[in-house]
Structures are given as structure tokens and as C-alpha cells.
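Okay, so here's the structure we're looking at.
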Amino acid sequence: MSRRPGVRRLVRFLVSLAVLMVVSFAMIHLIPGDPVRASLGPAAPVELVEARRAALGLDRPLPEQFLTYVTGVLSGDFGTSFLTGEPVGEVIVTRLPNTLAVALLATVLALLAAVPLGMWAAVRTENGRNRGTDLTFSATTGTAVAVPEFLYAIALVAVFAIALGWLPPAGKAGPATYVLPVLALATGPAAMIARIARVETQRELGKDYVRLARAKRLPAARLHVRHVLPNTLTATLTVGGLLLSSLIAGGVLVEYVFAWPGLGLKIVESITQKDYPVAQGVILVYGAIVLVVNLAVDLALGALDPTSAIKEA
Amino acid sequence: MGWLRRNVPGAAGALIVAIMVVLAVTGPIVWGEAADRIDAGAILQGSSPGHPLGTDNLGRDLLARVLVAGRFSLLLALAATLIGAVAGVVLGTLPSVLPARAARLATGTVNALVAFPGLLLAMFTAVVTGLGARGAVLGIGAAIAPGFARLTQTLAARIAGADYVSAARMLGVPRRRILTRHVLPNIAEPLILNLAQAFGGALLGLAGMSFLGLGVQPPQYDWGRLLFDGFPRIYVTPEVALGPAAAIALAGIGFNLLGDALAKAAARTSEARGQAAGPPAPGPAGEPEPGAVLEVRDLTVAFPGGVTPVRELSLTVAPGEIVGLVGESGSGKSLTAAAIGGLVPYPGRVTHAALRLDGEDVAALTDRELGTRLAMVFQDPLAALNPALKVGGQLAEVAVVHEGAGRAEARRRAVDRLGQVHLPEPAALAARHPHELSGGMRQRAVIAMGLMGTPRLIIADEPTTALDVTVQRQILRLLREVVEETGAATLFISHDIAVVGELCDRVVVMYAGRVVEELPAGRLVTGAAHPYTKALIASLPELDTDRDRPLAGIPGSQPGPAQVGAGCAFAPRCALATERCETERPELVAHDPGQRVACWEVK
Amino acid sequence: MIIKNLSVRFGRFTAVDDVTLEIPDGQVVGLVGESGSGKSSLARAVCGLVPHTGSVTGAPRTQMVFQDPYASLDPRMTVAATIAEGAGAGEVARLLDLVRLPAELAGRYPRELSGGQRQRVAIARALGGNPELLVADEITSALDVSVQAAVLNLIRGLREELGLTMLFISHNLAVVRYVADVVAVMHRGRLVEVGPAEQVVGEPAHEYTRALLAAVPRLRR
């Protein structure tokens, strides 16, 4: 193992990526029975099934299939859709940006709204003062966390698109169409981050460096922003990073509600329609995004936290 | 009722969960028939008196269907939770059973899986096992498992590293018995608590799968499936989506709030209750004592519930004088320091007849005056420095904030002060982070921070307790030097009477929140009068203690800050105690010159 | 009991570096050193709790008492159950008596005990294992002085009564000197000086021992 933490993380990332590749390849072969038959239905003529199997290379030995799969993926060839004959790679390229845009906007929104809220709540309820605020904050965020994103999405559509008619209910056409999906996706994670930011801030407020800063009679704003905030960010951003990958997954449901032309909608369609090459390709891409996000968070934290180099050793 | 008021969210969660359980048991029995009754004349209707939530494409009543679907929804979630929990616990215990290499592999697998969003894992499983309730339950179970595995692993690793497990291993307790007697009982509680939250997560996950059409398939239905059917109709009759959506949201909230409350209840240590009787009204402030930098009169610190860790404490410190405040844990010495520094945490209440710095009431001083005149040093210098900021910046801050110094000027002064406390290469050091310094260097940096202003009072709370003796010696020397240079009054708090005796000019001994004796440090060994002070000194093994005689020790233990009675707090442990000591508290009275003692038996 | 050429390594870091030390039967050897000197790693190695190279011979049964009395007892086991784990239920009363604890404490849980009482329970548990060697790792450093005195007296009493062989580890030289017959000084993973207690304290041979002695705070008499 390398002593450089960055290198070690990179190695771990590559190993995970390789495993992901094996798993996504295995998916089609784990489906009980014949995936082609399952996809085309019992009425399809034998010749068609055989032809499709041959086209997919399913009649060749497994190792050879895997090799073809890997070289294909590495050169951007993810196979073709059973249903439309479209190359899966093309589907991914056109739809991925839509998914990422919503997820990123939601992450940024959640962090910007939640971190100050969590810090404020922590300062206000330090050592158990202001029980009212404590109770309101806990109950509100506890409730907000527990409502799934697709219910937020449906509620937002019902209120702002249907009842009030302020915003478009579905589809992607211009900036206004982003508002509801991003809000639906950001609300739950924002509540989660606010809770974490509060816990982290509370922990920091109890530490001696805060006591010392208070003994120095530093103004409250300076104490909280310059001293406490940087020390809460590590944990908050770790969670924020993990949330980004769960936001990408949660995006599936939100895209479904808003008929948003992203990968999420595509994966639901492909699974329902048994379009396995598409499902396989999209799952692989989702998995890879999660790995990349986690790697990025790890590296960013390593750069951000002056003590992490020591902790790793 | 008090419990309920403090746990409104938890109680609400418990209530919702209870309703859900009742619904699951009775729902199909009561409304089962209505839910399946096909009515060709009432197809796809909106809300009406007969069908408050409308009807579906076969004219079946949606309200009844929502109420009936509760059982299936909860059962599926239960199944998924159990699958996930069992798989997770097994996966999580593997590393402690397998040989090292396989254990690492298991840990690595769990770590990799935890990072993957549950829905993705669930979809993958659903593809492989086919659409339907079975696939969804397996998928969500698979999605829950990694989290449980991680939790089990973390908890088990913590317990396995505990001293009591080491002790059991040395006693020859077999591995399996250690697992069943020590590890499992100690990890069971947090794991079980986690079930409530996992259940909520499973319920929402299954609802999501069904809502996407990937979960429950007709003719079966759960809440998610009802929402799937109702969703396309929200443009025309939004109320048909309301029922299942509300049911899902309510269930999610209920289980989450309950889980939260359970986790909080487990984490909470016994909390003091009741209201404070209120500290006694302090006496008149009187005239400032001439020549005293710090003057404290009748200082009391009280917490709710009659907890009074510091009681009517008075002391003065002259310029250039180091006064040692010594006592065992729980004597109130550190809270005294915090009270003087204005750092007593909520809900503590500080009252005093007088608290003066340089003859001025501390309350009347501005932040700027206090921030530059008061220096504090704490026990753990690593905790006292902000890990995220460079040492130089933390020092310079005082000059920037309170004295309006420019960045360059403040920095120059910071480097100068770091040099003043004999840190090598102060300029380079100022650019480092605290974790790059050794313990002794950090404590020097904290002292240097106190020197950034013009310190009149230094409060040092156990400043050498976390340090090695050789480093302690250097820090004590530095403190002495700083006091001589600045002429600051110093209050030095320590549990170690030998350190106090060596460093200080005067010693104040605290017991159960009160001063029991005050005397010149040089006379500790020969002139101590209070039985507690004497016993403390006799308990201390020194390098020339007679090894053939037992140390004195003190039987019993110090009363807690809520348990001090009317008499002398030390009486129950005191060999000289009489009846009077039990009932009547001795005042601190002059004994010898420079010495005051609170004891009836000292004449 | 002889510790021979014992080394403990954590990755690239050598915590204990080739230590050889004899602990004569029925004697207390005091091991003193500052934080990071490797004294606790040595203790754990002697008890077989950390991997090490070198040999420990002559004490097949070793028991240990730990520093933190709040972490060393299973919070879910009563005093009696804790002690009985090594000694059997029949021995509980005798062992409690041996560490000068009243018999009615047997049914209590650790959270109901004071720090000094917990440490006595930990000692009773260790004695229940019938050890040829008892390792005490900083057992009084978490205690107040007045309580420490009673525990030190107990240790000395046990040595007299049972002829206990013991490795007594502490950062406090005065404490070590008070209970130990032989004092060993550890610095950066190595033993720098070993000798009879009075000799090491009275006529230290090694420079580091002298520095350590000079740093010990003393009351002015």
C-alpha cells in the first residue's frame, strides 16, 4: 500500500470501478431464464430470439463475452437498446447532463440553506437553552427528513403547477422547469444537513478553543464564522458528498414525477420494458458517478482538513 | 407529563406508529370488502360523499383501499427490514470471526456497498429477481443491509477494543462466550434502536419502488402502487393521490420521529431535574480592596436542581502574585475559574457580591478591555487551539479585533510573543497548524496568546496536567517568568498539591465548593491546619516518603454538589469531627498571619 | 519471569525496542516513563494483547489492571458476575474481602461505584485469574490523590499477603518508587536504567533518569 493517501484512494477507486464492471456485466446473466426471451415475450418467434442472442453475443463463452463487454464499455460502446435499437452510449450522453444538473443544483441549494440554519439552531440552543427552538427545529427537520422526495415532488406539482399554475408541471424547457425538481430533491437532504450541521456545531461550541475565544471576548459573528464554521465543514461536507450520490439516486423518482428527460426516467422505463442493455448501461453509469463523487469528496476533504494527512498515517 | 413535554416529537411518532399498527391489524377486516367491491357505475370518480377520495378504474373506493393497503405495506417493510438487519448483522460480525485477510475483504465490501444509494441496489436486485413484491422486498433488504453491517462493525470493533474484553480474554474466557456475554449485549441496544429508523426507510423505499411501477404488481396493492395508479390522474382529480401520499408520509414521519426519540433516549445520561432553590443573595459589594488585581467576594455558581458546585467563595490576588487553587475532582475549582472568566455554561447561574479586576467591576468592563486584560490557559492545549487555523493567525486575532491593529502589525506582534515564550523559529511556527506542534509547544503558544494584550490577570486551569513531567517543569518555569515580566496576577488551578506548592505564593484549598483553608505555599507542609489539607498532603507519595508506612488516604468520598448539608462538608470523612461539625458550618477565620482556616477543631 | 528482547511495532513505528527485563518472583517491578515511551505497549505485549517479537517466559498466567476504571468493567455485568468470570462464583466473597470491599457491593453495577471502588473490582477480577504476574498499567492516574493512596496501600498489602509478582507501570516516579522494589526507566521504547528503587531514585545513573527526577514536583519542607 502506498503511503500517499491520495494514491491509495485512487487505487481503491479503480478497484471499485472494476468490481462495478463485473457486477453490471453479471446482471444480465443473473436474470433467471433467457433475458432475450423474457424481453421479447413468449410469442416472439424462435428465429428472432436466436438472432437477437447472436447479435448480443450471448451464445459465446462467458470470458469472451466479458472481454467484449469491457472493451466495449472502455471505448464508449454500451450496446444497443432491445426496443429502439439506439446505441445505449448515445442515450447516456444525451440524458446524463439533465440528471447531473438537477442533482448539483439541489446539492448546492441544500448546503447553502442548511448549513447556516443548522449553525443558527446550534448557537441558539447551546447547552439546552431555548427549548422551544430546539423542539421546533427537531420536529421540523425530523419530519422533513422522513418525507420521501417523490411526495415532495407530487405535492409541489399539485400546489404550484396545478392549483396555482405558477410553474410548469413537467418536462424540461427553460429555467422555470428546473425549479420544482430541484426543490423536491433538495428539501429532505437540506433537513438532514441542517441536523448534522447543528450537531457538529454544538460539538465544536463545547471545545476549549471556543472557550478560549470567548475568554478573549471575540465578537460572536467572528467566533462562529471564523472559528467554528471551518471545523464543522469537514463532517458536513462528508455527509453532503454522500448525499450527492443519494440525490442522484433520489433523482430517479423525481425525474419520474416531472417526466424529466434524465437517466432516472430512462432506467425506470428500461426496467419496466425489460430493455436490459439500457438498464445495464445506466446502472453502470450511476454506479460510476457514485464512485467518482465519493473519490472527489475524499480528495477534497484531504485537501481541506489539515489534520487528515496525519490521521491517514 | 414532564417526559411528554420534553419529547413531543417522540410521543407523536409513537402515536402515529401505534395507529399504523392498529390499522394494519384491523384494516383488511373492516374495509376489506369495500376495497374490493367493483362498481361499474362509479369508475374513475373524484371526491364525492360516497367516496371521499374517489374511485379507481374499476369503481373501487380509494379510501377503503388505502386503509386496507396499510397491512401489506407494513408487512413488506417488516420483511425487508428483517432481511436487511439479519444480513447486515451477519455481514458486520464476519470481520471479527474470519481470519485477517478475509476480514479485511468483508470490511472493504461493506464500505463499498454503504456508499451506494439504496435505491440503486434495490433496482439492481429488482432487475435480477424480476418485477414484483418479492423483488422489491429483496432489493430494499439488500439496500438496508450495508448500513446495518457498518453499524454492527463499528459497534463490535469498539466493544472488542474495550478493556473489559481484554480482561476477559486474559482470564481465558472463550471467544464465543465473550461474543455472547460482552459484545452482543453491549451492541444489541443501539442495533435494536436502529430498527425503527430502518423500518421507516424500508417503508419509503418500497413505496418508491411501487410508485415507479417496479414493486408491487396488480392485483396486489400497497400504498406505493395506489399512488402509481393515482398519479396520472392528479391533473384532473388530485384527491385520488392524496390518500396514499398522506399514508406514506405519515408512516415515514412516525417511524422516523420514534426512531429519533429512541436514539436520543439511549444517548441521554441521567439529567438533573427540578428547579433551583436559587443561590443565596450575595452580601454588599463593599469597597474595592486596595492593591488587589482580582477580587472575588461571595462567588456562587448554581445549576438547576439545587446543584451548587461553588459556594460563597472569596479570594484576592495581588499583582505579580500566583495563587494556587487546589482541590480534588468535584471540588468546584474549575468552575470557579470559569466563573471568574465569565465562561460558566448555561444553565449555570453565577452570583457574587463583588467581582473586580483592577478595582473595577468586571460587568462594567468592555469586551475590548476584558479581552486584552484577561489571559486564560486550559488543560489540553490541543483542544484550546483551533485546529483549522494557523497558530500565528489565532494569536494575531486579539490585536486585530480589540486593538484595531493592521494584519502586518498584528502578525509581527504574534511572532514576537511566540519568541517571548521561547518557541524556536517563531516566524516559521506562526505559519503552522496546531497539530504540527508538540504538547509543550502548544501550551507555550496558548500562553503567548494571552500575552498579545496587556494581561493583568492570568487564569491557568490545570495547564500542565496533560503534559509530561519534564515538559510540565518547563511550562511552570515559563509561567513564573511571564508573571514576573508582566506583573499579572495569576490564579493557578490544579489538583496536584505538589505542583501548587512548588509554583505558587499562596494556596487556596477547596473542598465541596468552599474554601477550607488559605495559607502561604511555603507553609503547606509544616503549617497546614485544616484536617483536609493535612490529609491531602499525607496522601501524596513523594520521593522521600517512608516506604514501610502506609499512605494516609482519606476514607469515603467528596459529597456531590447537590448533597452538601448544613454542617462541615468534610465532617463525614474527618477523624476529628464532632457533633457540632455535622450540624454547623465553620466560617473561614484568621488563623496565623496570612492563613485562614474553616474548622471548628483548629484552635 | 523474564522478558527477553521484546519489541512491539505498529507499522513503521517501533513502540518498544528490544527490551529485556527480569521480574523476580514475589517482587514488584516499577516501570516509569513519559507518554509515548512505550510502557503501555510493553504491558500489553507481556499480557499478549498486542503482537510482538521476543519472548516472555516464566509467567504462563498474566492478568492486567487497566488505567481507566470507567472503561475496564462491562457496564452490563454486576460486580459479582465480573469477578466470577475468571474465579468462579464461589470465590467472589473472598476476593471482595481481599481488596477491602464490603460484600454487599457484589450485586451492584459499575455505574453505581466510585472510581476507587471500580479499580478495586478490577484488581479483584485480575486476582481471580490466579496470576503468576499482575500487570498494573497506570491504575491510579485517573484517581484523586486521597483515593490513590488507598489503592497504593492495597497493592502493597496484597504483595505482603499473597507474595504477588507484579509489573507496576506509572508516569509518576514517586508513585512507582513507593510501591516497587525494582524501578525500570523507559524512554523512547528502550529501557535506559534498571535498579533497586532507592538506588535509581537516590543515585540515578542515566542522564534521562536524572532529568525525570529533577522534574518531579516537590513540596517545600
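What is chain C by shape, rounded, prolate or oblate, if you read a ≥ b ≥ c off the alpha carbon gyration tensor as root eigenvalues and call it rounded for a/c under 1.5, prolate for a/b larger than b/c, and oblate otherwise? Don't skip to the end; give the middle numbers.
Details: a/c = 1.84, a/b = 1.44, b/c = 1.28.
Taking the square roots of the gyration eigenvalues as a ≥ b ≥ c, chain C is prolate.
Between the helical axis of B:407-420 and the dominant principal axis of chain B, each derived from Cα atoms, what acute angle in degrees is found, rounded to the nearest 10?
That helix lies at roughly 60 degrees to the long axis.
Tell me whether chain A comes out rounded, prolate or oblate; compute the Cα gyration tensor, take square roots of the eigenvalues as a ≥ b ≥ c, and use a/c under 1.5 as the rounded threshold.
It comes out oblate by the Cα gyration axes.
So how tilted is helix B:118-129 from the main axis of chain B? Cα-based, degrees 0 to 90, rounded to 10.
Its long axis makes an angle of about 30 degrees.
Classify region B:464-567 from the C-alpha gyration tensor, please: rounded if a/c falls under 1.5, else prolate or oblate depending on whether a/b exceeds b/c.
Verdict is oblate for region B:464-567.
Just how many % of Cα pairs in chain B lie over 42 Å apart, if you round to the nearest whole percent? Can you show the working numbers first?
Details: 91246 of 181503 pairs.
Roughly 50 percent, once rounded to a whole number.
Which three lengths, in whole Å and largest first, does region C:138-221 cover when its Cα atoms are put on their principal axes?
35, 31, 25
Applying 1/(1 + (r/R0)^6) with R0 = 25 Å to the Cβ-Cβ distance of A:R60 and B:R101, what FRET efficiency is obtained, to the nearest 0.05?
In this case the efficiency is close to 0.10.
Determine the equivalent ellipsoid of region C:180-221 by diagonalising the alpha-carbon gyration tensor, then write out the semi-axes as square roots of 5 times the eigenvalues, largest first, rounded to whole Å.
18, 13, 9
Inverting the mean 1/r over all pairs of different Cα atoms, compute the Kirkwood radius of region A:163-313 and quote it in Å.
18.5 Å
Which pairs break 22 Å Cα to Cα here: C:K4/C:K39; A:K172/A:K274; B:K264/B:K333; B:K333/B:K534; B:K333/C:K39?
A:K172/A:K274; B:K264/B:K333; B:K333/C:K39
Under a crude label model (7 Å from the Cα following the beta-carbon direction), how far is A:E90 from A:N130 in nanometres?
5.7 nm
With θ set to phi - 60° and the Karplus curve 6.51 cos²θ - 1.76 cosθ + 1.60, what are the ³J(HN,Hα) couplings of region B:106-113 in order, to the nearest whole Hz, using x for Gly and Pro?
Couplings: 4, 4, x, 4, 4, 4, 5, 5 Hz.
Would you please give the FRET efficiency between B:D361 and C:A211, computed as 1/(1 + (r/R0)^6) with r the Cβ-Cβ distance and R0 = 30 Å, to the nearest 0.05?
0.05
Would you mind getting me the FRET efficiency between B:Y346 and A:A300? Use the beta-carbon distance for r and R0 = 30 Å, nearest 0.05.
The calculated FRET efficiency here is 0.25.
Can you give me the distance in nm between label points at B:L75 and B:E189, each placed 7 Å from the Cα along the Cα-to-Cβ direction?
3.5 nm
So for the pair A:T71, B:D36, with labels modelled 7 Å out along Cα→Cβ, what separation do we get in nm?
Output for this residue pair reads 5.8 nm.
At 25 °C and 0.890 mPa s, what whole-number value in µm²/s does Stokes-Einstein give for the translational diffusion of region B:278-360, with Rh from the Kirkwood sum over Cα pairs?
The estimated diffusion coefficient comes to 186 µm²/s.
How about B:K390: which lysines have a C-alpha closer than 30 Å to its C-alpha, ignoring those fewer than 8 places off in the same chain?
A:K207, A:K216, A:K311
Taking chain B as the reference, fit the longest principal axis to its C-alpha atoms, fit the long axis of helix B:62-97 to the helix C-alpha atoms, and give the angle between the two in degrees, 0 to 90, nearest 10.
50 degrees
So for the protein assembly as shown, what are the equivalent ellipsoid semi-axes in whole Å, largest first, each being the square root of 5 times an eigenvalue of the Cα gyration tensor?
Equivalent ellipsoid of the protein assembly as shown: 62, 35, 30 Å, largest first.
Every number in this text was worked out from the coordinates using simple rules, so none of it is lab data. Note that this is a predicted model, so its numbers are computed, not measured. Heads up, the Cβs are rebuilt from the backbone with ideal geometry, glycines too, and the neighbour counts pull from every protein chain shown.
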